[in-house]
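Written below as structure tokens is the structure these notes are about.
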Amino acid sequence: MPDIPVNLQSEGPPDTVLPPPNDDVESQYAAALDVPEAERKEAMAAVVASHPRFLAGWASMGDLASDPIESYAYYRVGYHRGLDALRAAGWRGSGYVRWKHPTNRGFLRNLAGLGRMAGVIGEEDEAERIRQFLRQLDPDWKDQSSERA
């Protein structure tokens, strides 16, 4: 298991903090965000194709999607990739995954986007389940998911 810190806190369960991506993917991601809007989705798809475990890339693909079903699909992939990353970081299905840790933001953006799109397509029970899950992961949650992270 990788040597990843778990932050113990006296006020509740430990925080799980995802490890940072390598600098190369971060610079490719930043470059994709800075291309003209008409070319951004293609540029972001190239980042995700090269780095399929990069959670912020999947969240951005969801943000850039042309319709709710496409968006839902990107967020769903990012959410499941994020669960894999959390488990690899020591998370066992409980404990905090907070927005205040920048490396957790890709996962949380995917989860929040998935919840929004579930509501858009009429899957209100899923949308509510995700809202509750977000509050369990981060009791201070407010929807910051559209922020670049």
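Remarks
- Tensor-based shape of the stretch 17-71 (alpha-carbon gyration tensor, a/c under 1.5 rounded, otherwise prolate or oblate): oblate
- Scanning the chain for DSSP H helices at least 18 Å long along the axis (C-alpha atoms) with a Kyte-Doolittle mean no lower than 0.0 picks out 105-120.
- Highest-fluctuation residue, 115, 93, 57 considered, GNM on the chain with Cα pairs under 10 Å: 93
- Along the axis of the charge dipole computed for the chain (Cβ charges of +1 for Lys and Arg, -1 for Asp and Glu, origin at the Cα centre), the listed residues 49, 25, 108 are led at the positive end by 108.
- The GNM of the chain, with springs linking C-alpha atoms under 10 angstrom apart, assigns the highest mean-square fluctuation among 55, 111, 64 to 64.
- Three-way shape call for the chain based on the alpha-carbon gyration tensor, with the a/c threshold at 1.5: oblate
- Å² of accessible area per residue within the chain, as computed with a 1.4 Å probe and no ligands counted: 53 Å²
- For residue 16, distant residues with modelled amide H under 5 Å away: 96, 97, 98
- Unit charges at the beta carbon, dipole of the chain: most positive-side option, 78, 90, 130: 90
- Residue of 23, 15, 125 that the Gaussian network model of the chain assigns the largest fluctuation, springs spanning Cα pairs under 10 Å: 23
- Three-way shape call for the stretch 77-149 based on the alpha-carbon gyration tensor, with the a/c threshold at 1.5: prolate
- Relative contact order of the chain, taken over Cα pairs closer than 8 Å and 6 or more residues apart, is 24 percent.
- Put a dot 7 Å past the Cα of residue 80, heading toward its Cβ, do the same for residue 135, and the two dots end up 2.8 nm apart.
- Note on the chain: helix-only mean residue ellipticity at 222 nm, from DSSP H runs of 4+ residues weighted -39500 (n - 2.57) and normalised by residue number, equals -18500 deg cm²/dmol.
The values are calculated or read from the model by the stated rules, or taken from the named source; none is laboratory data. Not measured: the values here are computed from a predicted model. Neighbour counts are summed over all protein chains in view; Cβ atoms, including those assigned to glycine, are modelled from backbone coordinates with ideal geometry. Please note that ligands, DNA and RNA were not included when accessible areas were found on the heavy atoms of the full protein model with its side chains. Shrake-Rupley method; radii C 1.70, N 1.55, O 1.52, S 1.80 Å.
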